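For reference, the structure discussed in these notes is given below.
The values are calculated or read from the model by the stated rules, or taken from the named source; none is laboratory data. Please read these numbers as outputs of a predicted model, since none were measured by experiment. Cβ sites come from the backbone with ideal geometry, for glycine too, and all protein chains shown count toward neighbours.
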Amino acid sequence: MAIRFRTAFDYSQVPLLMKSKSAVPYKIPLHIRNGVKRILSLVHLSDMLIEVVDSRTPISGQCTLSESYLPSYKPRITLFNKNDLSEKLEETEQHLIAQGLTRDKFVIGRTKLAKKARKVTASTTRTVNQILTKVKTHMVGFDSEAEDFKLLIIGNPNTGKSSLINAMRYVERFKLGEVDRVKKLSVRVGKKPGMTQSVTTPILVCRDPRISIFDTPGILPPSSPDPEVTMKMAAVHSLWDEYVSPDIVADFILFSLNLQQKFDYCNYYELTSPTDNATELLTFIAEKRGAKKRSGGWDLFNAAQVFLKAFRKGELGTINLDFNLLQQESQININK
């Protein structure tokens, strides 16, 4: 018997990011609120903006701060990062061009360092070189011997901003023959959002010409009345798990995987068939791990965390959570 998957998700259980403190029992962390003020104060000191977006949410994951507060006259390059975890990259590129972004204003790539080998991968080197090439086109007439060309990096939490800085630093040092392996990271990185909690002094990432970059905390939107955007941000870990319960996020991810007919999770967890029931899946995972609550019964909260970790690492396959938006735009273009 064929399984009938949901075609719509119940967003009534999802909290919203609202300005009203009474609307949601959640406050944006102090370091992020202070970070916004500090970023705005640094805009006039910067020569160019670099926005980092998760490729799995190329539309929903764009930084809302840039729309309202950052001057449009500042040149900007957008990096759609973590492309190894995403798909529909060609459709994403077509969307960006349709929105008026020329190819010299965006890069789709990845900036992750190979941890075990402690090397900068070929794909990361290619991404960094593409960004630097585009940056240098805006440096015509700039005297980098007198002062550094300064970049200000912005983006939602956990999109890979600090990873980009580390990658840029090491690509430069490998090129100059100063190191043969990654030893110490210039900027602290982690798997959770909010690892960067303050705006740093400019970090030199290129010496010829001299280019430095400000690392900044990830920026959450001050207001988001769209629960779908909230869930997508939670799925890619741009929101803390304390904000949206992991079991709700796990249900949204399962819904998204099934909707796009992504059934790699069946092989990963050795399921006999796909399921559209998150409780059923989490119970199976808890049983397999032997995860029980002290009070008795299977620990579905722990199982949800395990499921989220696997998804975020790409172990359940690649996905583009904005596929519906890209699909709608494609249909509009066809009907024109």
Quiz item: Could we say that ILE153 is in a strand (DSSP E or B), of a type in the set (A, V, I, L, M) and surrounded by 14 or more Cβ atoms within 10 Å (Cβ to Cβ) here?
Solution: yes
Self-check item: Of residues in region 258-275 being among the polar types (S, T, N, Q) and part of a loop (DSSP other than H, G, I, E, B), the one nearest to ARG4 (Cα to Cα)
Solution: THR275
Exercise. Could you tell me whether any residue of region 17-28 is part of a loop (DSSP other than H, G, I, E, B), at pLDDT 90 or above and either touching a Pro at 6+ places or on another chain (Cβ under 7 Å) or small (Gly, Ala, Ser) (or both)?
Key: no
Exercise. Among the residues of region 299-316, write down those that are surrounded by 17 or more Cβ atoms within 10 Å (Cβ to Cβ) and either in a loop (DSSP other than H, G, I, E, B) or in contact with a strand residue (DSSP E or B) (Cβ under 6 Å, 6 or more places away or on another chain) (or both).
Key: ASP299, LEU316
Quiz item: Is it the case that region 296-311 has a residue that's hydrophobic (A, V, I, L, M, F, W, C), out of contact with any Phe, Trp or Tyr (no Cβ under 6 Å at 6 or more places or on another chain) and over 26 Å from PRO15 (Cβ atoms)?
Solution: no
Exercise. Please work out if VAL171 is at pLDDT below 85 and surrounded by 18 or more Cβ atoms within 10 Å (Cβ to Cβ).
Key: no
Practice problem: Name the single residue, out of those in region 124-150 being over 28 Å from ALA234 (Cα atoms) and of a type in the set (Val, Ile, Thr), that is surrounded by the fewest Cβ atoms within 10 Å (Cβ to Cβ). | Solution: VAL140
Quiz item: Pairs, please: C-beta under 8 Å, at least 6 apart or cross-chain, first residue of a type in the set (S, T, N, Q) and in region 127-150, second surrounded by 15 or more Cβ atoms within 10 Å (Cβ to Cβ) and part of a loop (DSSP other than H, G, I, E, B)?
Solution: THR127/GLY109; THR127/ARG110; THR127/THR111; GLN130/GLY109; SER144/PRO209
Quiz prompt | In region 29-58, the residues that are exposed (fewer than 14 other Cβ atoms within 10 Å of the Cβ) and modelled with pLDDT under 65 | solution = LEU30
Exercise. Could you list all residues from region 38-91 that are among the small types (Gly, Ala, Ser) and either part of a helix (DSSP H, G or I) or without any contact (Cβ under 8 Å) to a residue 60 or more places away in the chain (or both)?
Key: SER41, SER66, SER68, SER72
Quiz item: Residues in region 281-298: is at least one closer than 21 Å to PHE263 by Cβ, β-branched (Val, Ile, Thr) and more than 28 Å from the chain's Cα centre (by Cα)?
Solution: yes
Quiz item: Of all the residues that make up region 104-121, how many are outside any strand (DSSP E or B) and at pLDDT 90 or above?
Solution: 5
